[in-house]
Amino acid sequence: MNFIVKWPKNLRLQRWKLDPSSLQTRLTLGIALFSVLGLGSVALWTSWKMQQLLIVTHKHNIEQIAERFPRDVEMYSETWYVKKSLQKAIDNLTLANVFIWVKNQQGTVIVQSQNFQSDSDHFVLKSLAEMPSKPLVYPINGRYFVLCGGPLTINEMNVGKLYIALDISRDQKMLVTMVMSLSVASILAIIGVTLAITVYIQRSLMPLRHISQLADNVNADILDRATVYLERAPSEVKELARTLDTMLGRLSDSWEQQRQFVSNVSHELRTPLTIVSGYLQSLLRRGNNLTEIQKEAISTASGEAQRTIELLKDLLELARADSGQIHFHLEAVVLNDLVAEVVEMAKQFSDREIILRFGDGNNIVNLEQIFSGSKNSIITEKII
């Protein structure tokens, strides 16, 4: 049975934590920044374009009025005198938001449109001494006007100056409202796009999280059965998964070779060392003609050989445990005696003072054979 991690069934969306060094954060912030720049640029360009269209349209209307006014006056002057002709032309061209007036050469208003009487800012408009020859937008008392003015010549006679004001406050307020609505819509769109991008990137990186989980959960027990299985993953991630499978296979083979090596070395060295130990012990038993120095040397060699045999035995037991072939045998052990034995063994490798106190009675438990056979090696390694 294979140890398989599947996607996307076995993983839930994790809570996103802001990590500046993570790939998800970098992708999200990068795409969100480009979205802000893109949508913001479009919104600004749209607002500017709408403003220009509004101004250009009203400027064009004023230019048409300025061009038509002298012709109308000349036409009316064939029937009425000049002042009457000027008033008739003004009445003909005046609209609700268009203000027209004419000043003589002394700066006195001689004719004006009728809607001046109902406008609260007519004094401000008529008090303007100079106006641009080309239509321009000016704010006056919180309102917006397109102003234009210039000399007025009728039948080659200089009558005075013509002034035209177009009130665009209503259109300007509508434009401001539209720009604000466009700004709010752009902000909401940016937020929505950012959230969508965050979720999309998080889902796109789920296969990488699966691979990370697998690498974190793999151990020696399941190394030969671990594999990666990804559904609907990108090609690059699938290639990474195949590479990981190949690496796991090589690690499994290497681990198996290591266990085989330990097992073989333990088995192959144990037999000759047992024979050597047996000869040394036999030599000690029959060595009546040996000197004390020779007996001590042979005894030391026999002890080291026996110690090496025990180490090889422990290695063989560990190799069997790794392969799952070890069998445990329980035996009753007096804990007091076991602890005392451990203390005596520890004193051989350390100068530390060890104080041992026992209670009343003997504590008897069943210990596994592997612990009983390995306590010497464990104590030696821990103390050294």
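Quick notes on this one:
- In Hz, Karplus ³J(HN,Hα) per residue of the range 67-79 (6.51, -1.76, 1.60; θ = phi - 60°; x = Gly, Pro): 6, 7, 4, x, 5, 5, 5, 4, 5, 6, 5, 6, 10
- Farthest towards the positive end of the charge dipole of the range 29-184, among the residues MET75, GLY149, LEU182, is the Cα of LEU182, using unit charges on the Cβ of Lys, Arg, Asp and Glu.
- Label zone at LEU95 (point 7 Å along Cα-to-Cβ), backbone N below 17 Å, the range 166-191: 166-175
- Loop-located trypsin sites (Lys or Arg not before Pro) in the range 210-297 (DSSP state other than H, G, I, E, B) with a sparse environment of at most 16 neighbouring Cβ atoms within 10 Å: ARG225, ARG232, ARG286.
- FRET efficiency for THR300 and VAL276, using Cβ-Cβ distance with R0 set to 22 Å, rounded to 0.05: 0.95
- In order along the range 225-233, the phi-based Karplus estimate (6.51 cos²θ - 1.76 cosθ + 1.60, θ = phi - 60°) of 3J(HN,Hα) comes to 10, 7, 8, 10, 10, 10, 9, 6, 8 Hz; Gly and Pro are listed as x.
- For the pair THR25 and GLN258, the difference between a 0.36 nm per residue extended length and the Cα-Cα distance amounts to 79.7 nm.
- Annotation: amide H of PHE145 within the under-5 Å range of TYR138, ILE140, ILE168, sequence separation 5 or more or interchain, hydrogens built in the peptide plane.
Each reported figure results from applying straightforward, stated rules to the coordinates on display, with no laboratory input. Everything numeric in this text was worked out from a predicted model, so none of it was measured. All Cβ positions, glycine included, derive from the backbone under ideal geometry; neighbour counts span all protein chains shown.
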